[in-house]
Amino acid sequence: MLNIEELIAASVANIVKELSGNEVKPDSILIQKTRKEFEGDFTLVVFPFVRFLRQSPDQAADTIGKSLLQELDLVEKYQVVKGFLNLTLTKAFWQSFLLQSLDNEQFGYRNARSGIGAWPGEGIEAEEADDRPLVVEFSSPNTNKPLHLGHIRNNLLGYSVSLLQEAAGKKVVKVNLVNDRGIHICKSMLAWMMTGDGETPETSGKKGDKLVGEYYVRFEKMLREEADALAREKGLSDDEARNEAPLMKQARELLRKWEEHDPEVVSVWEKMNRWVYDGFDRTYARMGIDFDKIYYESDTYLLGRKIVLEGLKQGLLYRREDGSVWADLADHNMDAKLLLRADGTSVYMTQDIGTAQLRYDDYRPGKMIYVVGNEQNHHFSVLKKVLALLGKPYADAIHHLSYGMVELPAGRMKSREGTVVDADDLMDEMFATAGKMTEELGKTQDFSDEEKAALYQTIGLGALKYFILKVDPKKNMLFNPEESIDFNGNTGPFIQYTYARIRSVLRKAGEARFQAAKKGFAGAPVNEKEKQLLKALHDFPATVLEAAEEMSPARIANYAYELARAYNQFYHDHSVLNEPDEAVSNFRLCLSHLTAQTIHNAMALLGIHVPERM
């Protein structure tokens, strides 16, 4: 079914051409939703056509309105308001839209996969399909600590953006770059080697990522003690004391040995990373996150180093007297960028160069999207410039999806001090809170213990995901677990409860009545709240495309809330199953069915499940 705005725009373009002989591109015609204070469903901005029709704005609007009444059966009437043309569509149009959408479980999606639908390309015309995939990188954890609240926003945002792109008809490859090398992991390794006494996840009963994270915090505590003593003794600044501390020198030496493939160091590194990967996998599974491919910095930095040395040989980069290799970015009004240290070791930029090359070789992507916090804005600006300097054809394909930081009421988290909010602990807290609040409502007496556990998990994770994703990605946010689990207001549980309420109505009706209802609502009157609900449902496919274009799951989250709110207002005022007029009851039953399907599909784009009962 054609989008109604596109259909009206095409007709207006034809009308203008017939009346004036002037070509107007339909996609340049501005059609908006009619403002609530005026009568109508859609509003055409007429001013651009005044010069073609050689009429005043009101006359031009009236001329186009009369022609639309003749050309489009779906237009019932029009109203001219100061050069704007407000169009009211027929009841038959809205009922036809409802009927055509009812059996579409993928309503709102052009195409998708990963639990949403089919791989893009199936059902898309060849000239519309872009065969080049989008590579979306998210998560990107360090192997010296478990995932925390900051990672949660990153993972949820990256995963939802991937689902949105797929729903918009794009091929998407979800990738993770694990930062498994560098000074951070050497700190955890050194602390374990010095104080661990052979401790393992099995002997400690701890998840591997948490165990390694504890040694990272232990290293930082030991380093702080050394640095404080050194600062007092020699009058050094905090940074100078940290760099001069024996423990920090040992960590740097460990990194040097690792890069030289020292067998003993590599063995410890492999063992501790295995512990962390197992912990990560368990957290990802619980969060509902998956990847198509995982890259490891320990592999990509080698390719990056090779590319840098080739660039040096070609004269694209330069070497300083101390042996370090740099990129001259003066032409871009940027400082020179270090790519290889004097001792030959790599920096983060080096591995990002290698990673970009690997992804280009693997997928030839049309765009490489990096979901990374806004503190790295400059880094990605420099990465694009360095890749361009090196003559890489994919430099312009780099897109940094920058997002704001997550803070708690207590303030910003600090990994060094061990004050981060562990992702597993937070999900445990959300589960417990969901259970407590659900029990207080007293609606799960007939649930088994297994069903209760599944429901609390669904509500808890839904609350967490929705609270994170409803905020514009660009904005910093304050996460309050207690506010996120509320069965009223703009929350995940409110939307989930609305879905469960509708499903309850549909179960009471039964499949046979629903099938009969689809054939028996023609001619039923449509009141204002029903029409507002139909308009909201009609907006969903366009909202998905807009959210994908903007890479903003917040568009979907807030759409789902407004849809749930509109349905509850309708449900409060109008009976569905007990309505005496059979045609009206059938219409409302079908309207409820499409609303439930749309809520389900919208929440799925946020990675959120909706329960059948609640």
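The values are calculated or read from the model by the stated rules, or taken from the named source; none is laboratory data. Everything quoted here is computed from the prediction, not taken from an experiment. Reconstructed Cβ throughout: ideal geometry from the backbone, glycine too, with neighbour counts over all protein chains shown.
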Expected output for region 569-587 (first residue closer than 12 Å to Lys518 by Cα, partner of a type in the set (Phe, Trp, Tyr) and crowded, with 20+ Cβ neighbours inside 10 Å, Cβ below 6 Å, 6+ apart or cross-chain) is Ala583/Phe521; Asn586/Phe521; Phe587/Phe521
Could you give me the residue pairs with C-beta distances under 7 Å whose first residue belongs to region 592-612 and is closer than 22 Å to Ala554 by Cβ, whose second residue is among the basic types (Lys, Arg) wherever it lies, and which are 6+ apart or on separate chains? Leu606/Lys465; Gly607/Lys465; Ile608/Lys465
From the list Asn558, Asn586, Asn568, exactly one residue is assigned by TED's automatic domain parsing to the domain that holds Gly489 and in contact with a Phe, Trp or Tyr (Cβ under 8 Å, 6 or more places away or on another chain). Which is it? Asn586
Within region 221-246, work out how many residues are buried (at least 20 other Cβ atoms within 10 Å of the Cβ) and either under 16 Å from Met189 (Cα atoms) or in the same structural domain as Gly344 (by TED's automatic domain parsing) (or both). 1
Could you tell me whether region 570-586 includes any residue that is surrounded by 23 or more Cβ atoms within 10 Å (Cβ to Cβ) and either over 25 Å from Leu156 (Cβ atoms) or modelled with pLDDT under 95 (or both)? yes
Between Ala542, Ala548, Ala554, which is surrounded by 14 or more Cβ atoms within 10 Å (Cβ to Cβ), in contact with an Asp or Glu (Cβ under 6 Å, 6 or more places away or on another chain) and in contact (Cβ under 8 Å) with a residue 40 or more places away in the chain? Ala554
Residues of region 566-614 that turn out to be small (Gly, Ala, Ser) and over 25 Å from the mean Cα position of the chain (by Cα), as a count: 4
Is it true that Glu5 is surrounded by fewer than 18 Cβ atoms within 10 Å (Cβ to Cβ) and among the charged types (D, E, K, R)? no
Checked region 10-51 for anything in contact with a Lys or Arg (Cβ under 9 Å, 6 or more places away or on another chain) and outside any loop (DSSP other than H, G, I, E, B); matches are Ala13, Ser20, Lys33, Phe42, Thr43
Select from region 144-163 the residues that are among the polar types (S, T, N, Q) and at pLDDT 95 or above and write down the one among them that is nearest to Tyr348 (Cα to Cα). Asn154
From Gly117, Gly123, Gly198, Gly169, which residue is over 15 Å from the mean Cα position of the chain (by Cα), farther than 30 Å from Leu545 by Cβ and either of a type in the set (Gly, Ala, Ser) or at pLDDT below 95 (or both)? Gly198
Return the residue satisfying two criteria in turn: it lies in region 275-314 and is touching a Ser or Thr at 6+ places or on another chain (Cβ under 7 Å) and hydrophobic (A, V, I, L, M, F, W, C), and of such residues it is farthest from Ser188 (Cα to Cα). Val308
Here the qualifying pairs (Cβ atoms under 7 Å; residues six or more apart or on different chains; first in region 230-255 and under 29 Å from Trp269 (Cα atoms); second among the basic types (Lys, Arg)) come out as Met248/Arg242; Ala251/Lys187
What pairs come up if the first residue lies in region 426-455 and is assigned by TED's automatic domain parsing to the domain that holds Arg501, the second is surrounded by fewer than 13 Cβ atoms within 10 Å (Cβ to Cβ), and their beta carbons are under 8 Å apart, counting only those six or more places apart or on different chains? Thr433/Glu482
So if I check each of Arg305, Arg252, Arg286, which one is crowded, with 19+ Cβ neighbours inside 10 Å, basic (Lys, Arg) and in a helix (DSSP H, G or I)? Arg305
